Amino acid sequence: MKKLIILAILFMFSLSLYSGIQWTSKITTTGKKKRDQNQIISTVSAQEGIVRQDFIEVKRKQGMYKKNSYWIYNSKDNMIYIVDPKKKTVTPMSMDYLLNMAHMANKLVKIRIEDYSAKSKKLPSEKVMGYACNHVKLITEYKMKMKITIIKKSFHIYEEKEIWGSRNVKGLNNLNKMFLNKNFKTGFEDLDELIRKQMAQHKNIGFPLKTIVKQIYKNKKGKVKSETVTTTVVEDIKIKKFPKSHFEVPADYKTNDPLQGPQK
């Protein structure tokens, strides 16, 4: 779902930090359908309000996720730079522009969230990578109705999320607080309210070092259209100082227009 892609981008690139930190993240998605299966391993570096995410492994290319490429987000200009070292290209994308596009789409697409319910269960505390973690299970269900001109679609969405979150990881915990305090708006009123409720559920958990998310999408007739389990594990956390060049795009790389392709 596009909503999940937007949330992923916001999570990875709304971070701000003044001392360098780096960690590796492994995301494994399983499902009955081949299109739902993937594994992404990336290294994330953050320092002084700039974040770089290097994609070490992407088993199945998915949207902007590409092996051996990397993203840079600079909080000062609110820009994402998608870098392809093999092709020596960079595609700049303004976060403000992406959100404005979502606001414009609001005129053509209507989204309604109905019958929302949320449950939470506190599980026994556990350690992940030696860090004491809050261990919780969150269950949400809702109906999403979409209308694009004369086309109507309706989904029933079930999400079961198990989280191991720590408030003891230096640096990462501050990042998590900054993310949860952000006020992200897509322009879709019901969708914004859904995001607000989901973020509120994570308030006191801490930085998620491990998550297991089960998602089931059904159409209005109750037929399962997609069923996936996504496991995310954070590992190899390091505090380090990065050279300025680590967050810069090589000067000789060509600039791509995100809508018009490579520029001559």
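Suppose the chain between Lys221 and Glu159 were pulled fully straight at 0.36 nm per residue; how much longer would it get relative to their current alpha carbon spacing?
20.5 nm
With a point put 7 Å past each Cα toward its Cβ, work out how far Lys203 is from Asp115 in nm, to one decimal.
If labels sit at Lys203 and Asp115, their model points lie 2.8 nm apart.
Once the other residues with Cβ under 15 Å from the Cβ of Lys218 are scored (Lys, Arg +1; Asp, Glu -1), what is the net sum?
It works out to a net charge of +3.
For Lys145 and Thr255 in the same chain, what is the full-extension length gain: residue separation times 0.36 nm, less their Cα-Cα distance, in nm?
35.8 nm
What is the set of long-range amide H partners of Arg60 at a cut-off below 5 Å, with H atoms built 1.01 Å from backbone N?
The list, which skips near neighbours in sequence, is Gln39.
Provide the solvent-accessible area of Asp84, counting protein heavy atoms only and rolling a 1.4 Å probe, rounded to the nearest 10 Å².
That residue has around 20 Å² of solvent-accessible surface.
Rounded to the nearest 10 Å², what accessible area does Ser125 show when all protein chains are kept and the probe is 1.4 Å?
Spelled out: Ser125, probe radius 1.4 Å, area about 90 Å².
So which of Lys153/Lys214; Lys59/Lys153; Lys145/Lys225; Lys110/Lys220 end up more than 19 Å apart by C-alpha?
Lys153/Lys214; Lys59/Lys153
Cross-link candidates for Lys170: which lysines have Cα within less than 19 Å, leaving aside residues fewer than 8 places away along the same chain?
Lys127, Lys203, Lys210, Lys238, Lys240, Lys241
Report ³J(HN,Hα) in whole Hz for each residue of the range 222-238, in order, from the Karplus equation J = 6.51 cos²θ - 1.76 cosθ + 1.60 where θ = phi - 60°; Gly and Pro get x.
Per residue, the Karplus-derived 3J(HN,Hα) values read x, 7, 6, 9, 7, 9, 10, 10, 10, 10, 10, 10, 9, 8, 6, 7, 9 Hz.
So if we plug the beta-carbon distance of Lys127 and Lys59 into 1/(1 + (r/R0)^6) with R0 = 51 Å, what FRET efficiency do we get, rounded to 0.05?
E(calc), rounded to 0.05, equals 0.95.
The values are calculated or read from the model by the stated rules, or taken from the named source; none is laboratory data. In this text, all values refer to a predicted model and were calculated from it rather than measured experimentally. In this analysis, Cβ positions are derived from the backbone assuming ideal geometry, glycine residues included, and neighbour counts consider all displayed protein chains. Accessible surface is based on the protein model in full, side chains and every heavy atom, while ligands, DNA and RNA are left aside. Shrake-Rupley method; radii C 1.70, N 1.55, O 1.52, S 1.80 Å.
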